[in-house]
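Engineer: The structure's right below; bear with me while I get my questions together.
The values are calculated or read from the model by the stated rules, or taken from the named source; none is laboratory data. Since this is a predicted model, take the numbers as computed values, not measurements. Please note: Cβ atoms are built from the backbone with ideal geometry, for glycine as well, and neighbour counts cover all protein chains shown.
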Amino acid sequence: MMNAVRLLFLALLMLALTASQPAAGQIPDLKAGGPVPTLAPLVRQVTPAVVNISVHGRVREDNPLYRDPLFREFFDVPRQIEKEVNATGSGVIVDAQRGYVLTNNHVVEGTSAVQITTKDGRQFSAKVIGRDPPTDVAVLQVQNPVGLKALAFGDSDGLDVGDFVLAIGNPFGLGQTVTSGLVSALGRTGLGKQGYEDFIQTDAAINPGNSGGALVSLRGELVGINSAIISPAGGNVGIGFAIPVNMARKVMEQIIVSGRVERGRIGISLKDLHPSVNKGLNQGAVIAEIAADSPAEKAGLRKGDVVTGADDRPIRTAAQLRNTIGLARIGEDVKLTLLRNGAPFTATVRVAPAAGPSSALAGPNRLVR
């Protein structure tokens with residue numbers, strides 16, 4: 001019986017491949033001189049906007065000897081030591097006229113000199129105009145930008161699991177490298193990397209040195225900034241993460257205006273929604289507590305309300321809403337869509353200054369940047 005099924009399958013496959021009119025998704029008949037499937041035109045279009053970054057500087061870090069009480073008592077070891085940094089990473093030109101480059105904070109943190117190299121081998125000096133460690137985003141500005149090409153912004157909120165993407169960067173300092181894959185998952189949090197997490201997960205090969213590089217859609221648009229991988233041994237195993245470009249863009253806009261990101265708050269604590277408890281709802285964030293005299297209280301929000309949307313975009317998790325509020329500008333109004341006892345309603349809340357960035361717990365896997 002099994003052999004008969006296999007023979008039927010092979011017969012149907014041969015019939016499909018020999019059909020006169022090729023169907024969608026069919027393997028092309030290369031012998032007939034037809035076009036060969038390739039992403040080369042797309043790659044030629046987008047790669048000039050991705051740059052290699054070389055950094056030099058000094059950073060202070062905890063002295064491991066200071067943890068030993070005997071060393072502290074008898075050798076007077078310093079609590080921190082200075083370390084020279086020479087590293088490579090990647091970046092994306094997003095404004096060719098003004099020379100703005102998006103990259104990761106951890107690529108340029110603690111550096112005194114930054115040099116970028118374009119695909120055609122030209123080198124430029126760049127300065128760090130602002131960094132935001134909680135989102136791991138940094139913005140550089142190229143000195144005397146001439147002949148640069150920028151990559152157009154896409155909409156990371158429009159991504160779906162299964163979309164094809166390209167990852168472009170400078171892995172292991174080898175030079176510009178292009179890999180391809182799928183969007184494996186969206187809204188990844190709890191990785192223990194930064195305070196604000198809403199990662200795009202992809203199986204496009206990402207390795208150390210790819211940090212700060214571009215995650216590109218097949219439309220040739222920037223949809224993410226490659227940031228980290230989970231790896232037991234430090235190399236790619238098909239689990240990479242990128243910062244959604246919508247988040248990176250909001251951070252960049254604040255950095256360009258004021259050199260830093262001002263955190264917002266509305267005075268609520270959140271927890272993820274559990275469908276079994278909340279009448280079968282499968283997405284949203286539950287308001288666990290409301291601070292007295294806070295913007296949320298003034299807007300009429302109550303403990304137990306379920307937030308299902310913010311500014312006409314769906315809210316899937318508590319982390320996603322926390323990111324939305326934390327990245328909103330101080331004084332900006334956020335329109336929330338909520339459910340209370342199953343009844344929908346909306347509320348507009350004005351964002352107030354936050355006391356400081358949120359923190360994240362360390363994850364169980366090895367995260368490589």
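Engineer: Scan the range 200-232 residue by residue and report those that are more than 20 Å from Ile53 (Cβ to Cβ) and at pLDDT below 90.
Structural biologist: Matches in the range 200-232: Ile230, Ser231, Pro232.
Engineer: Right, here's the next one. On the basis of being buried (at least 23 other Cβ atoms within 10 Å of the Cβ) and modelled with pLDDT of 90 or more, does Ala96 make the cut?
Structural biologist: For Ala96, the condition - buried (at least 23 other Cβ atoms within 10 Å of the Cβ) and modelled with pLDDT of 90 or more - is not met.
Engineer: Please verify whether the range 333-350 includes one or more residues that are among the small types (Gly, Ala, Ser), surrounded by 13 or more Cβ atoms within 10 Å (Cβ to Cβ) and modelled with pLDDT of 85 or more.
Structural biologist: Yes.
Engineer: Residues to consider are Pro275, Pro314; find the one that is within 30 Å of Asn226 (Cα to Cα) and at pLDDT below 90. Give the steps one after another, and end with the answer.
Structural biologist: On the way: Pro275 fails: within 30 Å of Asn226 (Cα to Cα).
Result: Pro314 is the single residue among Pro275, Pro314 that is within 30 Å of Asn226 (Cα to Cα) and at pLDDT below 90.
Engineer: Test Ser269 against the stated conditions and say whether it is at pLDDT below 90, polar (S, T, N, Q) and not in a loop (DSSP other than H, G, I, E, B).
Structural biologist: Working: at pLDDT below 90: yes; polar (S, T, N, Q): yes; not in a loop (DSSP other than H, G, I, E, B): yes.
When the stated conditions are applied, Ser269 passes them.
Engineer: Among the residues of the range 129-169, count how many are surrounded by fewer than 21 Cβ atoms within 10 Å (Cβ to Cβ) and in a strand (DSSP E or B).
Structural biologist: Summing the residues that are surrounded by fewer than 21 Cβ atoms within 10 Å (Cβ to Cβ) and in a strand (DSSP E or B) in the range 129-169 gives 5.
Engineer: Additional query: Cβ-Cβ below 8 Å, separation at least six or inter-chain, first residue in the range 290-316 and touching a residue at least 40 places away in the same chain (Cβ under 8 Å), second hydroxyl-bearing (Ser, Thr, Tyr) and surrounded by fewer than 16 Cβ atoms within 10 Å (Cβ to Cβ): which pairs?
Structural biologist: Pairs that qualify, where the first residue is touching a residue at least 40 places away in the same chain (Cβ under 8 Å) and the partner is hydroxyl-bearing (Ser, Thr, Tyr) and surrounded by fewer than 16 Cβ atoms within 10 Å (Cβ to Cβ), are Ala299/Thr348.
Engineer: Give the residues of the range 214-266 that are part of a helix (DSSP H, G or I) and of a type in the set (Gly, Ala, Ser), sorted by residue number.
Structural biologist: Residues of the range 214-266 that are part of a helix (DSSP H, G or I), as a first pass: 245-258.
Answer for the range 214-266, where residues must be part of a helix (DSSP H, G or I) and of a type in the set (Gly, Ala, Ser): Ala248, Ser258.
Engineer: Right, Ala362: among the small types (Gly, Ala, Ser), modelled with pLDDT under 85 and either surrounded by 18 or more Cβ atoms within 10 Å (Cβ to Cβ) or assigned to a strand (DSSP E or B) (or both) or not?
Structural biologist: Working: among the small types (Gly, Ala, Ser): yes; modelled with pLDDT under 85: yes; either surrounded by 18 or more Cβ atoms within 10 Å (Cβ to Cβ) or assigned to a strand (DSSP E or B) (or both): no.
Answer is no for this residue.
Engineer: Which residues, taken from the range 331-355, are in contact (Cβ under 8 Å) with a residue 60 or more places away in the chain and closer than 22 Å to Pro244 by Cβ?
Structural biologist: Glu332, Val334, Val351, Ala354
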